[in-house]
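I have placed the structure first, in the form of structure tokens, so that the comments after it can refer back to it.
Taken together, the values in this text are just the output of simple stated rules run on the coordinates, not laboratory data. Source: prediction; values computed, not measured. Cβ placement follows ideal geometry from the backbone for every residue including glycine, while neighbour counts extend to all protein chains displayed.
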Amino acid sequence: MTAPLRSFLAEVVSAGTLLPEPERARWAVNGAIPSAVLMPSSEEEVGRILARASQEGWGVLPAGFGRWLAGGGGANVELVISTRRLRDVQEYEPADLTFTAGAGISLSSLAEATGANGQWLPLDPPGGEEGSLGAAVATGMGGPLGQWYGPPRDHVLGLTMVSGDGEVLRWGGRVVKNVAGFDVTRLCIGSWGALGVITSVSGRLFPLPEVDVTLILEGHQRFSLLPHARALALSSLPLAALELLDPLDWKEGGSRSPAGLVVRLLGSREEVEAMETRVPREAGDAGVFKRLEGEESRAFHGRLGRWEEGAGLVLRMVALPSLLGAVLRLVEDSQAQWKRFPAQEGLDVRVAAHVGAGVVRVAVWGISLEGDGLRGGWVEALSGLREVLEGMGGSLVLSSGPAPLVREVGTWGGRRVEKTLMQGLKRQFDPQGILAPGRFAG
Amino acid sequence: MTHLIRELQKREEKLFHCVHCGFCLPACPTYTRLGDEADSPRGRLHFMRAIVEGRLEPDSPAVTRHLDRCLGCRACESVCPSGVEYGQLLEGAREVVARAGGASFLTRLLPAVMGRPVLLRPAMLLARIVRGTGILDRAVRRLSGEGWSGQVRLGLGMMAATSPPRLLSRSMSPNELLGPEEKMDAEMPGETMGHGTRAAVFKGCVQEGLLGRVNHATARVLNANGFKVVDVPGQGCCGAVHAHTGGLKGARELARRNIRAFERAGAGVVAVNAAGCGATMKEYPHLLGDDPEYGTRARDLAARVRDISEILGTADVRVGGRLPMRVTYDAPCHLLHAQRISAQPLAMLESVPGLELVPLRGHEECCGGAGVYGITHPELGGRIGKDKVRAIVSTGAQAVATGNPGCMMQIGAGLRMAGVAVDVVHPVELLDESYRRGGLYR
Amino acid sequence: MDGNDLTEPLPLQLLRDLQAAVGTDWIFSDPDRMVVYETDAQTAHSQAPHAVVLPATTEEASEVVHALHGHGILMIPRGAGTGLSGGAVALRGGVVVGTSRMTGILEVDHENRRALVQCGVLNNDLNAAVAPYGLHYAPDPSSQSACTIGGNVAENSGGPHCLKYGVTSRYVTALRVVLPDGRVTWLGGQGREQGAFDLAGLFVGSEGCFGLATEVEVALLPLPEAARTLLVIFETIEDAGRAVTAIISRGLLPAALEIVDRNTIRAVEASIFAAGYPTDAGAALVVEFDGVEAGLERHAEEAARCCLDAGAREVRHAESDQERMALWKGRKKAFGAMGRLAPDLLVQDATVPRSRLPGVLARISEIARRYDLQVANVFHAGDGNLHPNLVYDRRDPEEGRRVEQASAEIMKVCVEAGGTITGEHGVGVDKRKYMHLVFSPAELEILRGVKQVFDPMGLCNPGKVLPDGQEAP
């Protein structure tokens, strides 16, 4: 820790904001432990910290609970600012079906607050409901519920952020329709902390469905289920989620089927009953679906939210939904290739696809870079996989993995994006370029 | 110039009904093809308003050009939520433009001939003689579609298009050469909807001159349905062409003549089979609104004017014999938009046993006839006309039915020029043919 | 940049460049002809452009914009001119780039539920093109029969059904954009969540200030299988507002909740779109549910009960598709029908939190009374999106001033209630003076900076959205 940083912490930061020393190691950014992890208790405090960091040129990584520290770039991070102490529900008027809450609130706490009024935020980003609201917005990734409810960008009405130079800025609002000024809210969603520290979020709620039913079709392998999955995706049924899993875990550490097609139905009793009778038919007489209802269904999806927990490598691939088969084939080939690497025959590879959105996630347990040419092999394999996907018009994100691998392969890949525009925008919000250094345009 | 815009100023209140919403743009055949708002109803109304406000001179080439380019189809009125009486405003504006010296030679010539029986009758006789020689069709086939010869070709095609349809029997058709003064009553049996009501048939100028067969069919069909058809000497051109080209004075004279003639005949119903004439006659009260002597009399006549389809397009119409034909229907603008009559012509056609009615894409759009539009605006009129021909051909119909002489001639010419053997008929002719085949006539 | 000198004609070389780009038929500059382009559907602000150019393709548009950029001439994008905030007006002169010839539906990819269209395609025409596949494009602005997809993108348009389905931004997945210097680029696209800022999301709703979106990729939804529509008649507008709150509180999620007030009902019923609303009612509420057939009936019944409990006088059910359409038509054409009430109309647009509706409505009628103005309310009640429309006669300057003052007060009331100054019509020229009500100086500075990133020379639709001290007070 440098001298100016030490004096700064003493002057600017209030008691309780600085994370105690022993816990700091857990907040390593791509292998490097930051000089300090700060947990400010107000947006003003966030402002003070960032204003000073801008002056000094300290790199800052915004975070929630520290699950997404590896979002590309992240070199030279001096400070990590976690929003975990900004966790109040600031405004909640059930009759408006809207809320405003601190970015550091966990999705489960928010669900608890709104659930008391029969409402919910239908958002299930990767990482499960123990993740923070701010992270869900900053990463912008949807989960299975995106099938019907859409990704986070469809739920956010407004947000408060602190810019790189410490200004508190409010975008959007808490009304459902708002076109005053340019849509900076949308710009910030999925910006991975590169534009500012999101401190609070206003969102749109939905009435809790009367009935929650999950229908599961078991299969011998993912490809046998694919035609049924596509048929359902092309039906006019308003399915809440449509997931293809390979393998399918019924219970935590419990029984497992080779593959499963998961259909979640939410709505009124009549609606769900009608859909239940239609799902097998629309899936093309695929066989008998197993049925979970209520708490069982919720628990199943809760587990699904934590599906990638503990995995050493997580990939997120996106392509047009009609290319799902081709992407799965790619994964299959890759899987075989990885297992041929020395000492990697014990790899546990799992695949989960959001069928409607064309998103395929791959999680790998037991990955190791220690071994002859192993690291080079992995780098080449993943880079090659990305190249093929990009050739198909898709993309591959290395969501998490061993730090050296992430560094060499890169988190995001080479999608052709408007670099000049991106850099120009970044400068508007973060003139000194201190936020999430190296990420996106930085 | 200010004295000339008084006519428009009187209508200022009506201009103000336009709130500039733009709903009329996609309904306008000239805007959809040219993409210039100066060629849209809203644009033309804006020109008028600018003239009233003294910001534009009525003889401005831009005003003349774009008002002149209007087909006068009034499709915009059907979609106008403010109920702007565009047709009437256009007539007023065109008068202003005409008096300011902006009208072309052709737009001045036509009304001059049509309003004067002394000129009209020999012209029509000549046309019928030429038509009888078959030279028209040969010329249409041989002439080039380019430039000046294209305009001549269209003109000849329009004349040729008035020839009797091939698919209908000609036994009862009057001698085409004699035409106008042929007897039009026939002894008909039966006591039906007419209950002996005295009905007059409005003959029109072009209709009587070139499509006398339609007037005869109208009389026969009315007779068959229990009306007592009376002859109305002294009737003449309705004045539509005059009003549309800015000759409101001439139009008023013709209106007065017709009012006197139909008053003498004492008919309860005045049946009109030319949509343009019907629309004009229904608007006589507006045309003569300021006339102390004729104002009330105009309302009396207008109240008795019915399009033939309004009389016959009901459940009570007599059913004739089988007429196994595939027919499509094109709505004349002055029936659909000006008189808001849409269902009755179809009902009339559907009452014919064996007739297969196929829908026509874009049936609500102008055919490009609009008087002599194809000759005054060959390029644009030609495009609009070709679109109509293409739509008709794609239905696979043997005949297209439409209830206005201008449309029959325009569409007929278009079909001839495209070398397509589809008959053009008036809907009442099909009913007439069905009655003949069913032995309703003796 | 203060704009182009309105008295100076365009440079001859520019005219030649533009003609070379689009052909002589598709550029107009006769000053008389420009008169029709002096306003859009918001008639309070008017200024004729120097010229109008109508490119047919992205490539032509790029050449046009490149030429304008080279000569430092302003570029004003214009769709069908149905906008209600003056966004398509050449406020400071320059050249209007119209999209009326870019009407191609380039691709309907039903397997992936997406379509690629040129920006001049009408909202209705897109829907007609995808309907055969059982799909639809959900945002349905009331002007959908006339407005273009490009215009919808510029304004981030809403519509009655966005209560359930969301606004344009949700459905635009990629944009092909001609930037203000003429460069062509794609924004968004597959996997846009990955590794880049959401530039397409930022572009939607930018009101033509960032460039011209010439091609738009949209997401499509399956057509709802069934719908139930109710028309509920209330004695007072406050009762209708209470019914809306009751319906939402009950956990029902209608596809649309729309209120029209007495003045609007009268205007609609006097127009050719008369939908049979009783003219003596205080307000009419349209409630629609859609989705799979099962359950709709019960939802409709529950909503009806909410309405009756709130004091509804009558509940009508649309029995057929035809009745449903007629009922909607009356609502959707309400704006045009108001031309019946007076020569001019200021169509207002603001949003408040739904629960604040009754209070805000009362304040609005109080303001209208105080300024002796007639106000006609049409609104998307489910979204809290109000359209208090003020009817007046601009030939009476004193009345015009009262309209201005009343509008300003209404905006303040809405913002104080936690709402905003525009829900779907955009800021355009008209609302710039209210921007400081919702943005701090620092935020406005950022918005200006964002605009500069796209348009460093300030050539693209200047005088819109951002206050610059030149707007009317």
Could you sort B:297-306, C:121-130, C:232-241 so that the peptide with the highest average Cβ count within 10 Å comes first and the rest follow in order? C:232-241, C:121-130, B:297-306
Pop out the Kirkwood hydrodynamic radius of the protein assembly as shown from its pairwise C-alpha distances, inverse of mean 1/r, in Å to one decimal. 34.2
Between A:Arg306 and A:Val12, what is the FRET efficiency for a Förster distance of 30 Å, r being their Cβ-Cβ separation, to the nearest 0.05? 0.25
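What whole-number value in cubic angstrom gives the convex hull volume per residue for the C-alpha atoms of the stretch C:118-244?
Working: hull volume 18.4 nm³, N = 127.
Each residue corresponds to 145 Å³ of Cα convex hull volume.
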Overall Cα dimensions of the stretch C:263-395 - principal axes, largest extent first, Å: 54, 34, 25
Here the tail fraction of P(r) beyond 16 Å, over all Cα-Cα pairs of the stretch B:319-405, rounds in percent to 56
For the stretch A:211-305, what's the radius of gyration and Dmax over Cα atoms, in angstrom? 12.4, 35
With the calculation restricted to Cα positions, what are the radius of gyration and Dmax of chain B in angstrom? 21.0, 66
Could you give me the radius of gyration and the Dmax of the stretch B:2-103, taking only the C-alpha atoms into account and expressing both in angstrom? 12.3, 35
I'd like the projected area of the stretch A:3-82, averaged over all directions, using the convex hull of its alpha carbons. Report it in nm² with one decimal. 5.0
Could you tell me the extents of the stretch A:257-368's C-alpha atoms along the three principal axes, largest first, rounded to whole Å? 54, 30, 24
Quick check on the stretch A:313-409: what are the equivalent-ellipsoid semi-axes from the Cα gyration tensor, as sqrt(5λ), descending, whole Å? 23, 13, 12
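So for A:Asp124, A:Asp165, A:Asp372, fewest C-beta neighbours within 10 Å to most, what's the order?
Details: A:Asp124 22, A:Asp165 18, A:Asp372 10.
In increasing order of surrounding Cβ atoms, one gets A:Asp372, A:Asp165, A:Asp124.
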Dividing the alpha-carbon radius of gyration of the stretch A:178-239 by 2.2 N^0.38 Å (N being the number of residues), what value is obtained? 1.85
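Using every Cα-Cα pair within chain A, state what percent have a distance larger than 29 Å.
Values: 47522 of 97461 pairs.
The proportion of pairs with Cα distances above 29 Å equals 49 percent.
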Reported to two decimal places, what Rg/Rh ratio describes the stretch B:179-312 when computed on Cα atoms with Rh from the Kirkwood expression? 0.97
Largest-first principal axis extents of the Cα set of the stretch B:240-294 (Å): 31, 27, 15
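Mean separation of Cα pairs under 8 Å and 6+ residues apart, divided by the residue count of chain A: what relative contact order is that in percent? Mind dumping the intermediate values first?
Working: 924 pairs, mean separation 74.8, N = 442.
Relative contact order, chain A: 17 percent.
I'd like to compare C:5-14, C:105-114, C:257-266, C:147-156: which one has the highest average count of other Cβ atoms within 10 Å, and what's the full order after that? Kindly include the intermediate steps, with their values, before the conclusion.
Details: C:5-14: 12.2, C:105-114: 16.3, C:257-266: 24.5, C:147-156: 29.9.
Top of the packing list down: C:147-156, C:257-266, C:105-114, C:5-14.
Which of rounded, prolate or oblate describes the stretch C:342-438 when judged by the alpha-carbon gyration tensor and an a/c cut-off of 1.5?
Working: a/c = 1.72, a/b = 1.41, b/c = 1.22.
Because a/c hits 1.5 or more and a/b exceeds b/c, the stretch C:342-438 counts as prolate.
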Computed Rg/Rh of chain C, alpha carbon atoms with Kirkwood Rh: 0.97
Of the peptides B:40-51, C:73-84, A:428-439, how do they stack up when ordered by the mean number of other Cβ atoms within 10 Å, highest first? C:73-84, B:40-51, A:428-439
Please state the relative contact order of chain B as a whole percent: Cα pairs under 8 Å, 6+ residues apart? 17
Could you list B:Met193, C:Met435, B:Met158 in order of exposure, starting from the residue whose Cβ has the fewest other Cβ atoms within 10 Å? B:Met193, C:Met435, B:Met158
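If eta is 1.306 mPa s and T is 10 °C, what Stokes-Einstein diffusion coefficient results for the stretch C:1-223, Kirkwood Rh from Cα pairs, in µm²/s? Don't skip to the end; give the middle numbers.
On the way: Rh = 17.6 Å.
Diffusion coefficient, whole number: 90 µm²/s.
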I need the per residue convex hull volume for the stretch B:285-361, using only the alpha carbons, in cubic angstrom as a whole number. 95
Diffusion constant of the stretch C:224-336 at 10 °C, which comes from Stokes-Einstein with the Kirkwood Cα-pair radius and 1.306 mPa s, µm²/s: 114
